[in-house]
Amino acid sequence: QVQLVESGGGLVQPGGSLRLSCATSGHVGGIDTMAWYRQAPGKQREFVARIDSGARTIYADSVEGRFTISRNNPKTACWLQMDNLNPEDTAVYYCTVITFLRRDYWGQGTQVTVYS
């Protein structure tokens, strides 16, 4: 089992920045990939960014060049630095991990609202 807690969401104006954090606990040694997803009102949950056990990163086209995912080596923390935010980035952001046994765990989410 892995537990995840996100933090760092909030209100920001267009062009602003936020840094989301995800703290993990439990069997963190079994974590392979750490990722962020988001879900906007009335829309399906969508992929944002991921970082695998080799520290390789992948981003959704919509955030490429604006968001940066990172983690620490014990995989007890993962961050999502979000720059140049726009209203389309408004969503609940979820941290997730996938273990080497291909099980996934999710946090409760943190709200990000970009308003003008």
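The values are calculated or read from the model by the stated rules, or taken from the named source; none is laboratory data. Note that the structure is predicted; figures quoted are calculated from it, not measured. Don't worry about glycine lacking a Cβ; one is built from the backbone with ideal geometry, like all the others, and counts go over all protein chains shown. In case anyone asks, the SASA skips ligands and DNA or RNA and just uses the protein heavy atoms, side chains included. Shrake-Rupley method; radii C 1.70, N 1.55, O 1.52, S 1.80 Å.
Structure notes:
- Taking (1) assigned to a helix (DSSP H, G or I); (2) touching a residue at least 60 places away in the same chain (Cβ under 8 Å) in turn, Gly29 satisfies each apart from (2).
- The stretch 16-51: number of residues that are hydroxyl-bearing (Ser, Thr, Tyr) and out of contact with any Phe, Trp or Tyr (no Cβ under 6 Å at 6 or more places or on another chain): 4
- Checklist (1) open to solvent by 20 Å² or more (accessible area, probe 1.4 Å); (2) of a type in the set (A, V, I, L, M); (3) within 12 Å of the chain's Cα centre (by Cα) applied to Ala55, failing item: (3)
- Residue that is farthest from Thr96 (Cα to Cα) [pool: residues in the stretch 4-20 that are assigned to a strand (DSSP E or B) and open to solvent by 90 Å² or more (accessible area, probe 1.4 Å)]: Leu11
- Condition check for Lys75 on (1) open to solvent by less than 10 Å² (accessible area, probe 1.4 Å); (2) under 25 Å from Gln1 (Cα atoms); (3) not hydroxyl-bearing (Ser, Thr, Tyr): one failure, at (1).
- Subset of the stretch 83-114 [touching a helix residue (DSSP H, G or I) at 6+ places or on another chain (Cβ under 7 Å) and either hydroxyl-bearing (Ser, Thr, Tyr) or surrounded by 13 or more Cβ atoms within 10 Å (Cβ to Cβ) (or both)]: Thr99, Val112, Val114
- Taking residues in the stretch 65-90 that are among the basic types (Lys, Arg), and partners anywhere that are surrounded by fewer than 19 Cβ atoms within 10 Å (Cβ to Cβ) and part of a loop (DSSP other than H, G, I, E, B), the pairs with Cβ atoms closer than 7 Å and at least 6 places apart or on different chains are Arg66/Asp83; Arg66/Asn84.
Here's the yes/no breakdown for (1) among the hydroxyl-bearing types (Ser, Thr, Tyr); (2) in contact with a Phe, Trp or Tyr (Cβ under 9 Å, 6 or more places away or on another chain); (3) within 15 Å of Gly15 (Cα to Cα):
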site: Ser53; (1), (2), (3): yes, yes, no
site: Thr57; (1), (2), (3): yes, no, no
site: Thr68; (1), (2), (3): yes, yes, no
site: Asn86; (1), (2), (3): no, no, yes
site: Thr90; (1), (2), (3): yes, yes, yes
site: Cys95; (1), (2), (3): no, yes, no
site: Gly107; (1), (2), (3): no, yes, no
